[in-house]
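What follows draws every value from the coordinates through simple rules; no lab data is involved. Remember, predicted model here, so these are calculated numbers, not experimental data. Here the Cβ is made from the backbone with ideal geometry for all residues, glycine too, and neighbour counts use every protein chain on show.
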Amino acid sequence: MTQHLHLWLIPILPFVGFLLNGMLGRRLPKAVVSTIALAFPLASFAVVARAALIFIQVKPQILPWLINYSDWINAGPLHIQFTLALDQLTILMLSIITGVGFLIHLYSVGYMGHEEGYWRYFSYLNLFLFFMTVLVLAGNFLLMFVGWEGVGLASYLLIGFYLDRDSAANAGKKAFVVNRIGDFGFLVGIFLVLANFHSLDFFAINNIIHSNSGISTATFTAIGLCLIVGACGKSAQIPLYVWLPDAMEGPTPVSALIHAATMVTAGVYMIARTHSIFDRAPIALATIAIIGAATAFFAATVGLVQTDIKRVLAYSTISQLGYMFLACGVMAYSAGVFHLMTHAFFKALLFLGAGSVIHGMSNEQDMRKMGGLRKCLPVTCWTMFAAVLAISGIPPFAGFFSKDAILAEAFQAGSLGKILYFVGLATAGLTSFYMFRLWYLTFLGESRSEDHDHHPHESPWSMLLPLVILAILSVCGGWIGYGRFSHLLSPVIGSDIVSPTEASSGSLELILSIVAVAVAALGWFVAHLLYFKPNDRAQKLATSARGIYSLLLHKYWIDELYHAIFVAPLKFISQYILGWIGEGVLIRGSAWVLAGIASLTGELLRRWQSGNLRSYSGWLVAGAAALLLFAAIYANHLGIWIHFDPSKVLPISINPNAAGH
Amino acid sequence: MIPASWYLILSAVLFSLGVIGFLIKRSLITVFMSIELMLNAVNLSFVTFAHQWHSVKGQIFVFFVMMVAAAEAAVGLAIIIAIFRARATLNVDQVDLMKL
Amino acid sequence: MHLILFIIFAGFCLAGAINLLLQTHPINSALSLIVVMSSLAVLYLLLGAEFLAIAQIIVYAGAVMVLFTFVVMLLNVGEEEKTHGSKAAKIIGFPAIVAAFSVLTTVILAIQNKLGGVKLSDGVTPMTELSTVLFRDMLLPFELTSVLILVAILGAVALARKEGHR
Amino acid sequence: MNTFAVNYGNLFSITIPETILEVVSLLVLVVDLGFLRKSTQPARMTAACVLGVIGSVLAGLWLLTHSGTASFAGDALVLNSLVAAAQIGILLLTALVLLLSFQAEFSRNPGEYVAIVLLATTGMMLVAAARDLLVIFVALELLSLSLYVLAAFAKSSALSSEAALKYYLFGGMSAALMLFGFSYLYGLTGTTNLNGIAVSLASQGLSPLVVVAMVLVAAGLGFKVAAVPFHLWAPDTYQGAPAPVAALIASGSKVASFAVLVAVTGSLIPAASASRGATWIVLLVWMAGASILLGNLAALAQTSVRRLLAYSAIAHAGYMLLGIAANTPQSGAAVFYYALTYALTTVGAFGVIAVVERNMGSDRFDAFAGLSRRNPLLAASMLIFLLSLAGIPPLVGFWAKFNLFAAVLRAPGVGAWGLGMVIFALAASAVSLYYYLQVLKRVYVVPAMTDEPMAVSALEQLVLLVIALLVALLGIFPSALSGWIPLG
């Protein structure tokens, strides 16, 4: 049975869709484009579902199932194979990616129906699915990295999809460049792995680790820290989260698929996948936990005051990803992945619902101009309510189980875990507050729209069907997974080191659950007070705490800070210092540069590429002389001038005839 | 008998003078001459070593350098003519359209 | 005898080279360069490179320098103007040359004992030996120079030819 | 001196590919100046280019079918799989450059243009195979002289002659520096053969003169590969030279120069003397570090795509120098792979630039605005080329970098410094994405000044697409060429 299962079909199918739409889409009618765009992900999902059935029910014992398609790179001692790997974690991720992915494709048919470049949108979306499935199926670091960069590329293309918006292009570039910083860390980590394990294969590395290869904790920590940089970039954690809010410039279904459900969770997936490295690097684990908790709290506070509906959801995504990081940091990988799954359901639902609202309101994103949409958009309203309940952790909705699991594990993970538990708990309250605020502002009360002629309309069925399916998943996803989940994943990410977790007692877990629900309910209550009925309580609160409100509204001025610390100096260097090379006038006029060393360096740089031949010669000679002096000094340092043995240097004077003719 | 190093130092001096020509001469033609001067300095060094080794390889090398230098001069002067046609100047300081 | 000849012609060399730099008219520089090359030819003789000495005169002083003077005449190049395009050349270049030259000289002087001496009686390289190596061992580069000269001819013709009305 | 008899027979037998090229170049001249004298300019260009492409393909086919290891004239010239790979790569690059020259209008002497391109290719092939200082020198000069001439070929452009002049003057100076170094190497060892030099140097202690010779040789070869501080000619020459010539300078010439740099490194680092090796390696590493830093920083400030490519070429040279400094067989092969794939990508990028320049009369960023709507295929090719240069997987540029850095890290004796350099290079290449995106932003986002489609000939379009496809496919199957060129 297994031999008929072709894993390569899973990524290739969306890729074929990408090729067809990318090459022919311009000339095809919209119906054909949408059929192609929907059929291939659906087929891919079918393959995943079949694989899941085969392995989980029939023969779970043969997992992980590895297929080496061919030698991929064969460079001397470096052998890397084209390996696809399937195990429980992969199956789970693949189901989310292709399943939720398909729903979002379906939704997009309605949402993007009027856009120019319809075919381009769907070809990019299929390309994204291709890279994402490659990322998850990869059996080694390198193939994973290919998918990793590929999803970044697809995300870049999709964020910048609205070609006529300059802000969209800049947001795309920001996302790409910030991700590159993370990728840089990931790559360094990969090189470190290669240098220490001489392999990049996940399962081979696990074997090496389990056989006690004598690799030091310091090495594990170094690798772990590098990988964390990569994970932070992709999963938008402090300090690399800045790209995600801007990424909302893209079409809303893209935000749902890439920036909520799938791509941004790649960092969590990567940590879970390489957990055997992290298990042996306590410092790296603590770093993850702290980053996660800090991000969760920080992003939630920013989310409190945002008025753009998508931005609230963006910060909420960052915050929820922080929870997943926190889970990984306390070695509760299965809790983290559990939350990843439930989050994929309810956050995709929230984004799609927001998309439906935006669609119905003719591209209005400001929540202050919404309100009273319950009557016009009933399906959207109540599906979103399910998602709000889920994300707020109200039982028995999906988010309750996963968040509860994370908080419980954190509480039981030593003293650091206890501190982080309270951070997480506070975040849960904030989350529930801003999500209900969003829902109240959008759907309840009276319409605050200035455009009275326009009546919001409910979306077509192709957009509502995904909402309903996701709502069902958000409602039931939690208790179906509860309990079975860690058992299912234990062969893959069950910690193989005795976890510091204290044996959990039923009563403690119950207390923790009750506390968490109470906090969530408190958040709901506050939101209800402030926003259920139109009143000026919120306004009063904002004025009485103006400092904090402004700090939050401006997202702690982080973008400005980054600009001052990183962007401005780089711009300064490239524009001014290098600009001086061409524009000597600037320098001559300014006396302060002419004084002191500053003038010398400025002048040198300006002179360097002046176009003047003689100065080029001068620089060339200077360079050669510097190298010569340096080499002489270095050679001296090596001792050749001291240990110089003249008798051995030149045979000339010793035997003039040594060189024959 | 003269130490071979004298020849080598002479060669080094000539070479340095050639490089200085690059730095101070404004006329392109004279800069080209500086290249020839540098090549001649190299040749002297080769001949000296060839003499010390009693090997003709070094002399052959010089022979090739001469041939190459002749060809290079022909090409260089053709470029000079092209420059002169385009700019009507042979001043090094004025051939600087491209910068930064 | 050898010493005197060396000092005289090395002196000529240096004087010619320095004069090349000091003269402002390209023709004068070219003539100085001819002096350098001729003096070098004598030094080659002192080093026993008879053939090279002759080739030096014929190829360099003869052909190459005639080409130079020819171009100077053709383009009617005048005195060079004292423009000030680059300060870096002097500020950076001169110290660099001095430094590089000092390192070079120090190195040569440090090992000068082992470099041996040059005696006039060391003999002259026989022509037959030279030609054997040139036409047998060095056949490839020798043939390659013919290609090189072909490129030079083609290039010179293509670049120097006037292009109609363009 | 070993005695070996060389005659025209065995000289011919080992240089058949080069001979084919020479014969074809003469044929081009005869056809162009003889039969087609009265024909129109485009017809002459087409005929010459077709002949040139046929010549390089023939030579390449001969090399492909006659693999083997041979050496000639006491190892003055060697032919092994790596050299053959480099030579075939050079021939391929030449053929692509010629294919992209069909539409070129810069010259009224198509016969001379193609003939000199072919002769330059001969020079590159011999440079890659040469293992003797004399042969290296003559072949390098053949290569350089041809390129000087070619750079000046657009006589109606003032920039072209200036580019040629700068290239020529610094080429001449660097050649003199390199020769000076060669003379000291010869003086120390009494031979010009690289193997002989290696053996002889290994038997001596480290002499100060060797250090001087190393610096001088590094200066000469550093010029050819455009490494800091010998890079100053590169931006001006890349900007001023006709586009196909700039492509040739950036591609074939680079491959050949790196091949010779690998060979020279092998002979200057005899295993016996670690300290001498260390000096050379440290020199290379410093040049590499400076090139990576300066190339990437300066590229950030550019507004001309050609100059941007020039500075990025400097940075790429820096990465490759790191590989050479590692000095293992794997890193040598990785450098070859890098140089070849880099050259391929660069030829493609210059092909796109040539088309844009012909339409817009400029290579500034503005000229690329809205390219995606004026010609989507061209824009897609440019996207692939630039992303590959930036090292984005799964394009070939990523594998080349990965492979190179992995080889560097695996080299024995690479300590914290080596790791530090690799991390530095990785960080720099992360920065490099920014300036490539500056171009791509113009291509894909900024609206065009005019909506009329970018005129491009079917052949150019096809060639560029093939190159783009190669870059992408080699990225997906990096080992596809492993029988031909080892990855490392």
Subject >> Estimated inter-spin distance, residue A:218 and residue D:424, nm [label 7 Å along Cα→Cβ] >> reply: 2.2
Subject >> chain B: angle of helix B:28-53 to the longest principal axis, Cα-based, in degrees nearest 10 >> reply: 10
Original post:
At what distance in nm do the modelled label points of residue A:195 and residue C:58 sit from each other, each positioned 7 Å from its Cα along Cα→Cβ?
Top reply: 6.1
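Using the eigenvalues of the Cα gyration tensor, what equivalent ellipsoid semi-axes result for the protein assembly as shown when each is taken as the square root of five times the eigenvalue, whole Å, largest first?
Values: eigenvalues 863, 212, 171 Å².
So the equivalent ellipsoid measures 66, 33, 29 Å along its semi-axes.
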Subject >> Built amide H within the under 5 Å cut-off of residue B:2, gap 5+ >> reply: C:118
Original post:
In whole Hz, what ³J(HN,Hα) sequence does segment D:226-233 give by Karplus (6.51, -1.76, 1.60; θ = phi - 60°), x for Gly and Pro?
Top reply: 6, 9, 4, x, 10, 9, 4, 5
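I want the local charge near residue D:111. Using Cβ-Cβ distances under 9 Å, sum +1 for each Lys or Arg and -1 for each Asp or Glu among the other residues.
Within the 9 Å Cβ shell, the charges total -1.
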Subject >> Amide H contacts under 5 Å for residue A:373, placed H, 5+ residues apart >> reply: A:443, A:444
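Could you tell me the relative contact order of segment B:27-92? Use alpha-carbon pairs under 8 Å, at least six residues apart, and round to a whole percent. Mind dumping the intermediate values first?
Details: 33 pairs, mean separation 29.4, N = 66.
This gives 45 percent for segment B:27-92.
Efficiency by 1/(1 + (r/R0)^6): what FRET value for residue D:61 and residue D:411, r their Cβ-Cβ distance, R0 = 45 Å, to the nearest 0.05?
Working: r = 36 Å, r/R0 = 0.79.
Computed FRET efficiency for residue D:61 and residue D:411 comes out at 0.80.
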Original post:
How many percent of all Cα-Cα pairs in segment A:79-158 sit more than 13 Å apart?
Top reply: 69
**OP:** Report the calculated FRET efficiency for residue C:128 and residue D:362 (r = Cβ-Cβ distance, R0 = 60 Å), to the nearest 0.05.
**Re:** 0.45
Original post:
What helices does chain C hold that run 20 Å or longer along their axis, going by alpha-carbon atoms, with a Kyte-Doolittle average of 0.0 or more, using DSSP H for the helix calls?
Top reply: C:2-22, C:26-46, C:88-110, C:139-160
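Kindly identify segment D:346-402 as rounded, prolate or oblate by the Cα gyration tensor criterion: order the square roots of the eigenvalues as a ≥ b ≥ c, call it rounded if a/c is under 1.5, otherwise compare a/b with b/c, prolate if a/b is larger, else oblate. Present the calculation step by step, with values, prior to reporting the outcome.
Details: a/c = 2.75, a/b = 2.08, b/c = 1.32.
Prolate is the answer for segment D:346-402, as a/c is 1.5 or above and a/b outweighs b/c.
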Subject >> Dipole magnitude (debye, nearest 20) for segment C:126-166, charges at Cβ of Lys, Arg, Asp, Glu >> reply: 380
**OP:** Could you tally the net charge around residue B:65, taking each other residue with its Cβ under 12 Å from the Cβ of residue B:65, Lys/Arg +1 and Asp/Glu -1?
**Re:** -3
**OP:** With the cut-off at 18 Å, report for segment D:215-300 the share of all Cα pairs above it, as a whole percent.
**Re:** 49
Subject >> In degrees, nearest ten, helix B:4-24 long axis to first principal axis of chain B (Cα) >> reply: 0
Original post:
Once Rh is set to the Kirkwood radius over Cα pairs, what Stokes-Einstein translational diffusion coefficient, in µm²/s, holds for segment B:27-92 at a temperature of 4 °C and a viscosity of 1.567 mPa s?
Top reply: 98
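To the nearest whole number, what is the average tally of beta carbon atoms from other chains within 10 Å of the beta carbons of peptide A:64-71? Walk me through the intermediate numbers first.
Numbers: counts 0, 0, 0, 0, 0, 0, 2, 3.
Across A:64-71, the average partner-chain Cβ count within 10 Å equals 1.
Rounded, prolate or oblate: which one fits segment C:47-129, using the alpha carbon gyration tensor with axes a ≥ b ≥ c (rounded when a/c is under 1.5, else prolate when a/b beats b/c, else oblate)? Write out the running numbers ahead of the final one.
Working: a/c = 5.11, a/b = 1.21, b/c = 4.23.
Verdict is oblate for segment C:47-129.
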Subject >> Residue mean of other protein chain beta carbons inside 10 Å, D:421-434 >> reply: 4
Subject >> Label-zone membership for segment C:36-75, site residue C:2, 7 angstrom Cα→C-beta point, backbone N under 15 Å >> reply: C:43-49
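Can you give the Rg to Rh ratio for segment A:1-136, taking only C-alpha atoms and Rh from Kirkwood?
Working: Rg = 16.6 Å, Rh = 15.9 Å.
Here Rg/Rh amounts to 1.05.
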**OP:** Treating only the Cβ atoms of Lys and Arg (+1) and Asp and Glu (-1) as charged, compute the dipole magnitude of segment C:33-115 about its Cα centre; round to the nearest 20 debye.
**Re:** 320
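Out of segment C:16-117, which trypsin sites (Lys or Arg not before Pro) are coil in DSSP terms and have no more than 11 other C-beta atoms within 10 Å? Present the calculation step by step, with values, prior to reporting the outcome.
On the way: sites: C:82, C:87, C:90, C:114; in loops: C:82, C:87.
For trypsin sites (Lys or Arg not before Pro) across segment C:16-117 that sit outside H, G, I, E and B with at most 11 neighbouring Cβ atoms in 10 Å, the list reads C:82.
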Original post:
How large is the helix-only mean residue ellipticity at 222 nm for the protein assembly as shown, computed as the sum of -39500 (n - 2.57) over DSSP H runs with n ≥ 4, divided by its residue count, in deg cm²/dmol to the nearest 500?
Top reply: -23500 deg cm²/dmol
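Over segment D:16-481, what relative contact order in percent results from Cα pairs under 8 Å that are six or more residues apart? All intermediate terms of the calculation are to be shown ahead of the outcome.
Working: 790 pairs, mean separation 63.2, N = 466.
This gives 14 percent for segment D:16-481.
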Subject >> Percent of Cα pairs exceeding the 16 Å cut-off, where the set is segment C:126-166 >> reply: 56
**OP:** Evaluate E = 1/(1 + (r/R0)^6) for residue A:211 and residue A:69, where r is the Cβ-Cβ distance and R0 equals 22 Å; express this FRET efficiency to the nearest 0.05.
**Re:** 0.25
Original post:
Taking Cα centroids, how far is segment A:396-455 from segment C:1-64 in Å?
Top reply: 90
